[in-house]
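Notes for the one structure printed next.
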Amino acid sequence: VQLQASGGGLVQPGGSLRLSCAASRRMFRNNAMGWFRRTPGKEREFVAAISWTGASTYYADSVKGRFTISRDNANDTVYLQMNSLKPEDTTVYYCAGGRRPIASDAPDEYAYWGQGTLVTVSS
């Protein structure tokens, strides 16, 4: 298993969750990482991305200011801190490993995909 996501669960509107994704070192090193989400019946949606060095981050407009992506290169892990969660954030979240160091919002730039973790925002 190259990518293992965790941290999903049930949270009330306005609450917070932190997703984690542990990667194999071979996959993680020198590659950007991203988070996407997908609701059944809808297209996969970009959420956030971070470059290999962590110097560049990108966010979807729908999560900007609420979500923060970060990475720990010593431990081959990427995180997604989600604050001020809304019911419309409810879906399955996937981490993805990039093909190169530069972050991107394009799914085609990611070669590795983990299993999803379900986030449910509900009162």
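The values are calculated or read from the model by the stated rules, or taken from the named source; none is laboratory data. Predicted, not measured: the structure shown is a model, and the values here were computed from it. Glycine gets a Cβ as well: all are built from the backbone with ideal geometry, and neighbour counts include every protein chain shown. All accessible areas refer to the heavy atoms of the entire protein, side chains included, with ligands and DNA or RNA removed. Shrake-Rupley method; radii C 1.70, N 1.55, O 1.52, S 1.80 Å.
At-a-glance table
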| read-out | value |
| --- | --- |
| Pair list, Cβ under 7 Å, 6 or more apart: region 1-24 residue farther than 9 Å from Leu80 by Cβ and at pLDDT 95 or above, other residue open to solvent by 50 Å² or more (accessible area, probe 1.4 Å) and small (Gly, Ala, Ser) | Leu10/Ser122; Gln12/Ser123; Pro13/Ser123; Gly14/Ser84 |
| Qualifying residue in region 78-94 (condition: in contact (Cβ under 8 Å) with a residue 60 or more places away in the chain, open to solvent by less than 40 Å² (accessible area, probe 1.4 Å) and either in contact with a helix residue (DSSP H, G or I) (Cβ under 8 Å, 6 or more places away or on another chain) or assigned to a helix (DSSP H, G or I) (or both)) | yes |
| Only one of Asp72, Asp105 that is in contact with a strand residue (DSSP E or B) (Cβ under 7 Å, 6 or more places away or on another chain) and among the acidic types (Asp, Glu) | Asp105 |
| Every residue from region 62-77 that is part of a strand (DSSP E or B) and either within 18 Å of Gly14 (Cα to Cα) or in contact with a Leu (Cβ under 6 Å, 6 or more places away or on another chain) (or both) | Phe67, Thr68, Ile69 |
| Some residue of region 44-55 being in contact with a helix residue (DSSP H, G or I) (Cβ under 7 Å, 6 or more places away or on another chain) and either of a type in the set (D, E, K, R) or outside any strand (DSSP E or B) (or both) | yes |
